[in-house]
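Engineer: Below are the structure tokens for one structure; questions will follow.
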Amino acid sequence: MEFDVFTLLPEVFSPYLESSILQRARQRGLIQVRVHNIRDWATDKHHVTDDEPYGGGGGMVMKVEPVFAAVESVLGPAPACPVILLTPQGRLFTQKVAAELATHPRLALLCGRYEGVDERIREHLATDEISIGDYVLTGGELPALVLIDAVTRLLPGVLGDPDGAADDSHASGLLEYPHYTRPPEFRGWTVPEVLLSGDHARIARWRREQSLRRTLARRPDLLQTADLSEADRQFLERLRREDETPNS
Ligand code: JBK
């Protein structure tokens, strides 16, 4: 997978891309990330990339010419890959969107700064708009890194584990079960006995039930679309009934 990132803050990408799993994926040639400084394509003396909004109102708007020049010089005049604008107005980024994006060989990511980008960038350059969530950030750089991280770990060969990303929270549509490692007791807090039992069928059942319990308690909305067996549904029904039955 090739990523081309267009940004006014190119320096923020290296530390994260040079760490851990993303670093290893890059070293193995599974991803390439090229970060382009939009300012390099501003043609005026001071390399200005923002300006006041037409109609007034304060704040600054990212100018249209340097962004088009940057993207077209890197991708050509008619980009064949998705050109994704990271913006709070985009469609919400989910595991499903990450999986969809992971099927492309190349993605271009446009990071806005200031109060916004000239609308013509959205209309005539971006082919997709994505938001990572309903909160206010100072720019699209962290959203771009979030997207690169989530997409990269879905690519074949990136995670060492042969099961890959299949077990992750959200892959099945459920929250993950609780994890423990040594020691078996810490400050009197013990690891659930079942996990020490060596009984793999019992462990698998316990984990599934914990996932279902957690999802019902914390994110019941996920149960609408989760991949559930008949046994899962019966277990959830039992939990809901128990919840309704007052202790006598
Ligand atoms: C937000 O992708 N986003 O979610 C995003 C991009 C740029 C600015 C923002 O405030 N939320």
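Engineer: Assign unit charges at the C-beta atoms only (+1 for Lys and Arg, -1 for Asp and Glu), then state the dipole size of segment 185-244 relative to its Cα centre in Debye, rounded to the nearest 20.
Structural biologist: 140
Engineer: Let me ask another. Given ALA144, VAL117, GLY133, which one lies farthest toward the positive end of the charge dipole of segment 114-154, if we put +1 on the Cβ of every Lys and Arg and -1 on the Cβ of every Asp and Glu?
Structural biologist: So the residue we want is ALA144.
Engineer: What distance in nm lies between label points placed 7 Å from Cα along the C-beta direction at TYR54 and LYS96?
Structural biologist: So the label points at TYR54 and LYS96 sit 3.7 nm apart.
Engineer: Just the C-alpha atoms of segment 185-244: what Rg/Rh do they give, with Rh taken as the Kirkwood radius?
Structural biologist: 1.05
Engineer: Now, a different point. So if each residue of separation counts as 0.36 nm, and I subtract the Cα-Cα distance between LEU142 and GLN224, what length gain in nm does that give?
Structural biologist: 26.6 nm
Engineer: Let me ask you something else. Taking every Cα atom in segment 2-153, find the radius of gyration and the maximum pairwise distance Dmax, and write them in Å.
Structural biologist: 15.1, 50
Engineer: If you don't mind, another one. Excluding ASP199 itself, calculate the net charge of residues whose Cβ lies under 15 Å from the Cβ of ASP199, where each Lys or Arg counts +1 and each Asp or Glu counts -1.
Structural biologist: +2
Engineer: Can you find, among VAL97, GLY59, HIS46, the residue sitting farthest towards the positive end of the charge dipole of segment 2-153, where Lys and Arg contribute +1 and Asp and Glu -1 at Cβ?
Structural biologist: The one lying farthest along the dipole's positive direction is VAL97.
Engineer: Need one number: % antiparallel among DSSP beta bridges in the chain, to the nearest 5.
Structural biologist: 15
Engineer: Given q = 0.26 Å⁻¹, what are the Debye log10 I(q)/I(0) values for segment 92-140, with equal point scatterers placed on the Cα positions and solvent ignored?
Structural biologist: Values, matching the q order: -1.19.
Engineer: With N denoting the number of residues in segment 123-242, provide Rg(C-alpha) divided by 2.2 N^0.38 Å, to two decimal places.
Structural biologist: That works out to 1.39 for segment 123-242.
Engineer: Could I ask something else about it? Given Cβ point charges of +1 (Lys, Arg) and -1 (Asp, Glu) and nothing else, what value in debye, to the nearest 20, does the dipole of the chain about its Cα centre take?
Structural biologist: 780
Engineer: Listed highest first by mean packing, meaning other Cβ atoms within 10 Å per residue, what order do 180-189, 212-221 come in?
Structural biologist: 212-221, 180-189
Engineer: Determine the calculated [θ] at 222 nm for the chain from helices alone, applying -39500 (n - 2.57) to every DSSP H run no shorter than 4 residues and normalising by the residue count; nearest 500 deg cm²/dmol.
Structural biologist: Numbers: 9 runs with 87 residues, N = 248.
My calculation for the chain gives -10000 deg cm²/dmol from helical runs alone.
Engineer: If you don't mind, there's one more thing I want to ask. Hey, what's the per residue convex hull volume over the C-alpha atoms of segment 20-82, in cubic angstrom?
Structural biologist: For segment 20-82, the hull spanned by Cα atoms encloses 165 Å³ per residue.
Engineer: Compute the FRET efficiency between ARG120 and GLU176 as 1/(1 + (r/R0)^6), taking r as their Cβ-Cβ distance and R0 = 35 Å, and round to the nearest 0.05. Please list the in-between numbers first.
Structural biologist: Numbers: r = 43 Å, r/R0 = 1.23.
That pair, ARG120 with GLU176, gives E of 0.20.
Engineer: Starting with the fewest neighbours, write out ASP243, ASP50 ranked by other beta-carbon atoms found within 10 Å of each beta-carbon.
Structural biologist: With the fewest neighbours first, ASP243, ASP50 line up as ASP243, ASP50.
Every read-out reported here was derived from the displayed coordinates using simple, explicitly stated rules and does not represent laboratory data. Remember, predicted model here, so these are calculated numbers, not experimental data. Every residue, glycine as well, gets a Cβ built from its backbone with ideal geometry; the counts of neighbours run over all protein chains shown.
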